[in-house]
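Peer 1: First, the structure itself, so that you have it in front of you.
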Amino acid sequence: SSTIDLAVIPGDGIGPEVTTEALAVLHSAVGGGVAIAETHYSLGAEHYLETGEILHDETMERLARHDAILFGAVGGDPRDARLAGGLIERGLLLRLRFAFDHYVNLRPTRLFPGVTSPLSSPGEVDFVVVREGTEGPYVGNGGSIRVGTPHEIANEVSVNTAFGVERVVRFGFAQAAARSCRLTLVHKTNVLVNAGSLWQRTVDRIAPEFPGVNVDYLHVDAATIFLVTDPARFDVIVTDNLFGDILTDLAGAISGGIGLAASGNINPDRAFPSMFEPVHGSAPDIAGQQKADPTAAILSAALLLEHLGHPEAATRITTAVAADLAGRGSERRSTREVGAAILAAVER
Ligand code: NAD
Ligand code: IPM
Ligand code: MN
């Protein structure tokens, strides 16, 4: 028997609601053989507004010692001036991803049987987006001058390193080799020529190491077309941080809704704890009303178990989710009811 030393960051809005359900399912799925020791960290916009703390260095050090992090969602009201400038998104969420070197942001997309897609004939939807997690336009290397004047200049700089691109591309190839052997690089090489060239050359250079993998390329604008008209063409998409962010909300939408989309912020080298969270945010519009679908958080817990080497427990969760999704009617259920139904399916 073993113990998972788990950090839990429920966060803001619907974060705590969906995390509660994910934890109940997680405990049940591992069964008696594995104990889960939870340490809850109160962090996020609400915590910041109450205490002034975004994320202390000392908290980072404690977080670094856990086996993994289960994360709900953070972020407050976008119109709240006290939170402007991505204070919490950058200072908390991106800080964790960067500091813990989560260079793979893994976002699987699957249209489960019985789930209605907004696409009239979606075909098979089963792909995974390997989104770079530590570079690109997210690094915050830009700056503004003459702010507020007619001569303001606002720059966002996308940073792409040979090291950073190679490691995530390599991960994408390995994923493709383990799946249906199709890798699509998505970028904008016709405009973002410097970064685009590095990504394209990296893919071309690594491709011979994976002779079984079919390599394709799409500009990101065209990729949005095919995600809607022919999602079956995708197996593994490897892409930069910002393109991956945008494509995965679209991927969530075509596969039955953002409430089903799970993700892992992964450090494949295992130098730091990986962090698992729904793709969605804190959803202030429905927070506190038990309206959020906890499925994305629950499936994120399955990704966590997979990462920590408990594939059977992970499968217990995905099987239970699939069973619940297959039987979902048109009646609206509360967050708690969906969580309870999936928990019951795990226990069956
Ligand atoms: P959002 O994902 O929170 O919400 C977008 C829409 O999807 C809303 O209408 C919401 O009600 C709906 N939705 C989201 N999750 C749902 C669920 N589980 N079930 C049913 N409906 C769901 O995105 P947003 O509105 O752009 O952002 C809100 C806040 O969350 C912002 O502060 C943003 O910065 C933050 N955010 C955080 C994360 C994160 O913590 N990982 C991710 C995205 C956005
Ligand atoms: C996501 C979110 C984050 C991102 C924000 C909140 C920083 O949208 O996890 O998809 O852009 O990565
Ligand atoms: Mn996003």
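The values are calculated or read from the model by the stated rules, or taken from the named source; none is laboratory data. Given the structure is predicted, the values throughout are model-derived calculations rather than measurements. Every residue, glycine among them, receives a Cβ derived from its backbone with ideal geometry; neighbour counts consider all protein chains shown.
Peer 1: In the range 150-173, which residue that is surrounded by fewer than 17 Cβ atoms within 10 Å (Cβ to Cβ) and among the aliphatic types (A, V, I, L, M) is nearest to the chain's Cα centre (by Cα)?
Peer 2: V159
Peer 1: Another question about this same structure. Name the residues in the range 65-96 that are away from ligand 3 (no atom under 16 Å from the Cβ) and over 19 Å from P10 (Cβ atoms), would you?
Peer 2: R65, R79, D80, A81, R82, A84, G85
Peer 1: Considering only the range 32-54, how many residues are closer than 17 Å to P10 by Cα and either polar (S, T, N, Q) or surrounded by fewer than 21 Cβ atoms within 10 Å (Cβ to Cβ) (or both)?
Peer 2: Of the residues in that region, 14 qualify.
Peer 1: Regarding the range 239-247, can at least one residue be identified that is out of contact with any helix residue (DSSP H, G or I) (no Cβ under 7 Å at 6 or more places or on another chain), farther than 30 Å from R201 by Cβ and either in contact (Cβ under 8 Å) with a residue 40 or more places away in the chain or within 16 Å of ligand 3 (Cβ to nearest atom) (or both)?
Peer 2: No: the range 239-247 contains no residue that is out of contact with any helix residue (DSSP H, G or I) (no Cβ under 7 Å at 6 or more places or on another chain), farther than 30 Å from R201 by Cβ and either in contact (Cβ under 8 Å) with a residue 40 or more places away in the chain or within 16 Å of ligand 3 (Cβ to nearest atom) (or both).
Quick grid of which residues meet (1) closer than 27 Å to A35 by Cα; (2) free of Cβ contacts under 8 Å to residues at least 24 places away in the same chain; (3) within 8 Å of ligand 1 (Cβ to nearest atom):
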residue	(1), (2), (3)
T295	yes, no, yes
H307	yes, no, no
E312	yes, yes, no
G327	no, no, no
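Peer 1: If you take the residues in the range 274-289 that are polar (S, T, N, Q) and part of a loop (DSSP other than H, G, I, E, B), which one is farthest from ligand 2 (Cβ to nearest atom)?
Peer 2: So, considering only residues that are polar (S, T, N, Q) and part of a loop (DSSP other than H, G, I, E, B), the one farthest from ligand 2 (Cβ to nearest atom) is Q289.
Peer 1: Suppose we filter V115, V130 for residues that are within 18 Å of F171 (Cα to Cα) and not in a helix (DSSP H, G or I); which single one remains?
Peer 2: It is V130.
Peer 1: Let me confirm something: among D240, D293, D230, D285, which residue is charged (D, E, K, R), out of contact with any Asp or Glu (no Cβ under 8 Å at 6 or more places or on another chain) and not assigned by TED's automatic domain parsing to the domain that holds L93?
Peer 2: D230
Peer 1: Can you tell me how many residues in the range 169-183 are within 21 Å of S158 (Cα to Cα) and touching a helix residue (DSSP H, G or I) at 6+ places or on another chain (Cβ under 8 Å)?
Peer 2: 2
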